[in-house]
Every structure is written in C-alpha cells, then in structure tokens.
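Taking it in order: structure first as structure tokens, then the write-up.
The values are calculated or read from the model by the stated rules, or taken from the named source; none is laboratory data. Everything quoted here is computed from the prediction, not taken from an experiment. For neighbour counting, all protein chains shown are included, and Cβ atoms are generated from backbone atoms with ideal geometry for every residue, glycine included.
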C-alpha cells in the first residue's frame with residue numbers, strides 16, 4: 001500500500017531501526033481500518049481511529065469516574081460552561097448562554113442556550129441542568145467535581161424552561177469556573193432520559209447533547225461514536241463520520257499501531273517524538289497541561305534561609321532553566337514557564353507581558369552574599385511527579401547549577417507520600433532539612449481553578465502546602481477574591497497579584513509541560529483544548545485531502 005510518505009513497509013522498517021532500542025518492542029504491521037464506509041453524512045465518510053493508554057473506569061456516566069476518564073466518555077457531552085482553545089472561559093462553546101450572580105454572591109442565575117437537542121431528539125431544558133447538578137452531588141457520585149459541588153451548592157431550582165437558580169452554602173466567586181472543562185468538567189445530562197431508562201440503562205446506552213453520539217463499545221477494547229450532524233454549534237460538527245477509540249496501554253504497541261496506520265493519532269513518549277518526525281509524522285496535543293515549579297518550604301519561618309527574598313532570588317536566578325529544557329525535552333513537549341507560579345495561559349489573571357526569570361549566575365552569587373549565606377546545606381527534595389519521569393534528571397541539573405555557584409546543595413530522593421506527610425503536618429516536618437528545604441514539583445489545573453490554587457499554595461489553610469512566606473497575607477488575598485465576582489475587577493486583581501508574586505520570588509516557575517501525540521500524515525490539523533489533558537475535542541480534527 002502506497003502512502004504520501006512512500007511504501008508503508010519501508011517507512012515502518014526505517015522507524016523500527018531508529019527506535020527499536022528505545023521502545024524494546026518489534027514494530028509489526030497491523031491491519032489498517034480505512035473503511036471509507038457508506039455512511040450518509042456531510043463529512044468525509046471516514047473513521048478517526050485513536051489509541052488511548054487508558055479508558056479510566058470505563059464508564060459512560062460522568063458522575064462515576066475521575067476527570068481522566070473524560071477522554072473515554074466525554075465526547076458525548078456538552079459542558080455547562082465552555083472554553084476556548086487556550087482553556088479560558090468562552091460563552092460560545094458551552095450550553096450556558098449567560099449567567100449572573102446575586103449581590104451577596106450566594107446565588108447564581110444560569111441561562112440555558114435555546115434550541116439545544118439531546119441525541120434522541122428531545123429538547124434540552126433547564127430541568128436538565130438541575131438534574132445534572134443534583135446527580136453529581138448525590139451520595140453515590142465519585143467524580144472529581146462531585147465533592148466540590150456538594151461542598152458549595154445548597155439547592156438548585158428552575159424558574160423557566162431555560163432558567164436555573166443555584167443557591168450556594170456560602171459566597172463562592174469561583175463557582176462558574178467549577179462548571180468549565182479545564183478545572184473540573186460538568187457535562188450536561190438528560191433528566192427525562194434517565195427517568196425513562198434509569199441509571200443502569202444510561203450506563204449501557206447513554207445519550208448526550210455533544211458533537212458525537214454513542215454507537216457501540218467492546219469493554220476493555222474499544223468504544224465508537226458517530227458524528228452528530230445536527231449539532232447546535234455548526235463550527236464544531238465533526239469532520240469525520242465516526243470516532244473509534246481503542247485501548248492500548250503499552251506505548252510501544254501504540255507506536256506500532258500509528259506506524260502501521262491502524263490508528264491516526266495516539267499519545268507518544270518523549271523519546272518517540274524525533275523518530276516520528278524524521279519519517280513524516282507530526283506532533284500535536286494539548287499544551288500547558290502541567291506546570292512544574294521550585295517551591296520554598298518553611299519560607300514563613302524567619303529561622304530558615306527560605307524566608308529571605310535574596311536567598312529565594314539567588315536560587316531562582318542560579319538555575320539554568322533554558323539549558324534544562326533544551327536537554328530534557330523536544331520542542332513540542334515543553335515551554336519555559338514565566339510569570340508567577342499558578343498562572344498559566346488558561347488562568348484568569350495571566351499576562352504574557354511578564355518575562356521569565358533570567359539565568360544570571362553572577363547576580364545569584366551577589367544575592368547569596370546579601371542573604372548572608374555561609375555554606376549551609378540546601379536540600380532539594382526530588383520525586384517523579386504526574387507521570388513526568390524526567391523530573392529527577394532535571395533536579396540533578398539544578399543541583400549542578402547551584403554547586404557551580406558554591407552552594408552546598410544535595411538531592412533528597414523521596415516519593416510523594418512522605419513529602420505530603422511533611423507539608424501536611426502542623427507544624428510542618430522539615431527540621432531535618434533546615435535551613436533550606438526546597439522542592440521541584442508539579443501543579444495541574446485543579447478543581448476550583450486559580451482561587452483553589454491560591455488557597456492551596458498561598459494561605460494558612462490546613463489542607464495547604466504553606467508554601468508562601470506570608471500566609472496571613474495569602475488569607476487576605478483569598479478572602480478578597482472570594483467575594484469579588486467574575487469580571488474586570490477580579491481579573492485586574494489577579495493580574496496585579498501575578499506581577500507582585502513574580503517580584504517576591506515566592507516560587508520559581510520552570511516549565512509548562514505539554515502532552516505529546518503522534519499524528520498520522522493523513523491528518524491536516526487538530527485543535528485540542530490547552531490547559532487540560534482530558535478535553536481532547538476530536539471533532540476539531542481535519543483530514544488531509
């Protein structure tokens with residue numbers, strides 16, 4: 001079989017030579033599924049085949065799985081609040097046309113977009129929003145957003161076919177953020193259909209309102225969808241007639257499937273990126289999925305060096321971050337982070353005007369003197385985080401940079417459990433690492449968005465890291481934001497906070513990590529949503545003519 005990149009067997013053979021020693025598997029020819037089909041659609045009649053490493057809990061009811069499972073079932077559903085490709089809130093892509101809050105911040109008024117249809121042809125109505133929020137809050141729910149909603153929502157009521165009122169237990173300026181796909185994901189569910197078929201019936205034959213309709217599945221192996229040609233957002237009607245996801249946990253097997261054209265796209269490892277590019281495959285995927293940052297523990301305690309601005313600044317300017325990234329990642333896998341930690345391009349308050357910290361070893365040595373550093377031990381706690389096996393090697397590079405400045409630096413190898421035990425304790429347990437315990441860890445977009453991140457990292461919260469040098473000020477900042485509804489005022493507060501925190505060197509952003517996917521030459525383009533690895537938006541995939 002000939003392709004635009006030559007004979008398939010030749011191409012597979014070339015790649016096998018390039019990467020056999022890396023992946024440890026033999027790339028074998030698998031049967032391609034270009035079924036063309038007789039589907040009477042407005043599209044190309046083709047099937048988009050995708051290999052995933054996991055199907056999560058392999059359920060179809062979003063209330064019974066964590067956010068990672070959204071890759072499996074999420075294609076069926078619309079989100080209450082939409083987002084653009086960068087992950088910022090976008091009223092053009094969600095089912096809520098608009099919303100507002102009461103003056104006390106304890107009630108939200110949601111307005112449903114008119115003329116929406118479920119896949120069974122029935123109308124989407126306000127009762128579906130009420131049912132969805134109640135369904136996620138029920139005792140049996142186990143999704144990422146469920147506990148968060150139950151903790152803040154007091155009641156939900158409808159006042160018209162398209163209007164819903166949500167009463168909160170307490171003011172929560174971040175409530176709308178909870179309903180979007182980047183931070184938590186709250187898919188809309190059909191109340192009347194659940195009434196007819198029950199939870200068991202829905203689990204076997206689900207109905208949504210999204211760009212794809214459920215077609216069939218073989219548990220443990222595959223799931224298939226059909227394009228929703230009557231989807232309300234014409235710009236999001238899929239460019240393929242069908243979508244088929246296959247489960248392939250082994251990265252070598254997924255690579256073999258991609259090379260043999262059994263699948264059109266799949267996540268790939270870092271060491272598979274360059275060999276794929278050499279034989280004509282493209283690399284894509286969602287960006288800014290994970291942020292890694294250097295954090296300074298015990299910075300609120302004057303007896304620790306980490307409490308000194310000059311010391312934090314010295315360690316930050318003393319890291320050769322550009323060199324680390326160049327050595328650790330292909331260009332498609334990472335971007336140097338800038339601004340303050342927590343503020344990624346999908347965050348409210350993000351500004352592209354902030355420059356990244358420069359690598360300035362001469363200034364770093366001056367700052368060490370200003371901080372009164374006399375050779376005390378600096379302990380870098382090192383663990384692999386969020387499936388980023390490159391972190392320990394990057395930490396070794398950080399240590400090398402610091403030692404060249406004359407810093408007495410050491411790596412303290414650990415795992416997440418013991419590290420959590422240290423920072424979760426009150427008082428925290430870093431005395432054996434005094435006077436300078438630091439940690440290069442990861443931060444993912446978390447439930448509640450930027451306000452939750454502020455609570456976790458800046459405040460004196462019992463659930464927080466106590467990673468800020470002035471937790472009382474962090475408490476004040478959060479209290480102000482919690483009663484400031486969305487809009488220009490809150491955005492301005494967060495933008496100024498971003499600038500201020502960068503000057504305080506409270507933490508040092510290192511890399512925004514992207515997810516790398518191999519794309520067949522048969523694919524012209526794909527626009528997954530940045531800021532999350534869950535919301536893949538396969539309806540945006542365009543086949544090459």
* Lone qualifier among 335, 316 - being outside any loop (DSSP other than H, G, I, E, B), within 12 Å of residue 512 (Cα to Cα), out of contact with any helix residue (DSSP H, G or I) (no Cβ under 6 Å at 6 or more places or on another chain) and not assigned by TED's automatic domain parsing to the domain that holds residue 538 -> 335
* Asked: Can you name the number of the only condition in (1) closer than 29 Å to residue 235 by Cα; (2) in contact (Cβ under 8 Å) with a residue 40 or more places away in the chain that residue 148 fails?
  -> (1)
* Report whether or not residue 157 is closer than 26 Å to residue 98 by Cβ, outside any helix (DSSP H, G or I), out of contact with any helix residue (DSSP H, G or I) (no Cβ under 6 Å at 6 or more places or on another chain) and touching a residue at least 24 places away in the same chain (Cβ under 8 Å). => yes
* To do: Considering (1) assigned to a loop (DSSP other than H, G, I, E, B); (2) assigned by TED's automatic domain parsing to the domain that holds residue 442; (3) surrounded by fewer than 24 Cβ atoms within 10 Å (Cβ to Cβ), say which one residue 322 fails and leave the rest.
  => (1)
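One line per residue, one yes/no per condition, for (1) modelled with pLDDT under 95; (2) out of contact with any helix residue (DSSP H, G or I) (no Cβ under 6 Å at 6 or more places or on another chain); (3) within 24 Å of residue 143 (Cβ to Cβ):
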{"residue": "422", "(1), (2), (3)": "no, yes, no"}
{"residue": "425", "(1), (2), (3)": "no, yes, no"}
{"residue": "452", "(1), (2), (3)": "yes, yes, yes"}
{"residue": "459", "(1), (2), (3)": "no, no, no"}
{"residue": "473", "(1), (2), (3)": "no, yes, no"}
{"residue": "480", "(1), (2), (3)": "yes, yes, no"}
* To do: Name, by its number, the condition in (1) in contact with a strand residue (DSSP E or B) (Cβ under 8 Å, 6 or more places away or on another chain); (2) more than 20 Å from residue 86 (Cα to Cα) that does not hold for residue 179.
  => (2)
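Condition check ((1) in contact with a strand residue (DSSP E or B) (Cβ under 9 Å, 6 or more places away or on another chain); (2) free of Cβ contacts under 8 Å to residues at least 60 places away in the same chain; (3) under 24 Å from residue 458 (Cβ atoms); (4) crowded, with 18+ Cβ neighbours inside 10 Å) across all residues:
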residue	(1), (2), (3), (4)
350	no, no, yes, yes
355	no, yes, yes, no
363	no, yes, no, no
379	yes, yes, yes, yes
391	yes, no, yes, yes
406	no, yes, no, no
* Out of 346, 401, 303, which single residue is assigned to a loop (DSSP other than H, G, I, E, B), touching a residue at least 12 places away in the same chain (Cβ under 8 Å) and buried (at least 18 other Cβ atoms within 10 Å of the Cβ)? -> 346
* Asked: How about the range 532-545: which of its residues are outside any helix (DSSP H, G or I) and touching a strand residue (DSSP E or B) at 6+ places or on another chain (Cβ under 9 Å)?
  -> 532, 533, 535, 536, 541, 542, 543, 544, 545
* Is there a residue in the range 519-541 that is under 28 Å from residue 318 (Cα atoms), crowded, with 23+ Cβ neighbours inside 10 Å and within 24 Å of the chain's Cα centre (by Cα)? -> no
* Can you tell me which residue in the range 331-343 is farthest from residue 274 (Cα to Cα), limited to those that are surrounded by fewer than 20 Cβ atoms within 10 Å (Cβ to Cβ) and out of contact with any strand residue (DSSP E or B) (no Cβ under 6 Å at 6 or more places or on another chain)? -> 338
* Yes/no for residue 27 being modelled with pLDDT under 50, assigned to a loop (DSSP other than H, G, I, E, B) and buried (at least 17 other Cβ atoms within 10 Å of the Cβ) -> yes
* Structure fact -> The residue that is nearest to the chain's Cα centre (by Cα), considering only those in the range 93-119 that are more than 22 Å from residue 450 (Cα to Cα), in contact (Cβ under 8 Å) with a residue 60 or more places away in the chain and part of a loop (DSSP other than H, G, I, E, B), is 95
* Within the range 427-438, is there a residue that is surrounded by 16 or more Cβ atoms within 10 Å (Cβ to Cβ), assigned to a strand (DSSP E or B) and under 26 Å from the mean Cα position of the chain (by Cα)? -> yes
* Structure fact -> Of the residues in the range 486-531, those that are under 30 Å from residue 55 (Cα atoms), touching a helix residue (DSSP H, G or I) at 6+ places or on another chain (Cβ under 8 Å) and in a loop (DSSP other than H, G, I, E, B) come to 514, 516, 520, 526, 527, 528
* Asked: Hey, residue 359 hits all of (1) at pLDDT 95 or above; (2) under 30 Å from residue 450 (Cα atoms); (3) not in a loop (DSSP other than H, G, I, E, B) but one; which does it fall short on?
  -> (3)
* To do: Return the total of residues in the range 449-480 being in a loop (DSSP other than H, G, I, E, B), closer than 13 Å to residue 497 by Cβ and within 22 Å of the chain's Cα centre (by Cα).
  => 1
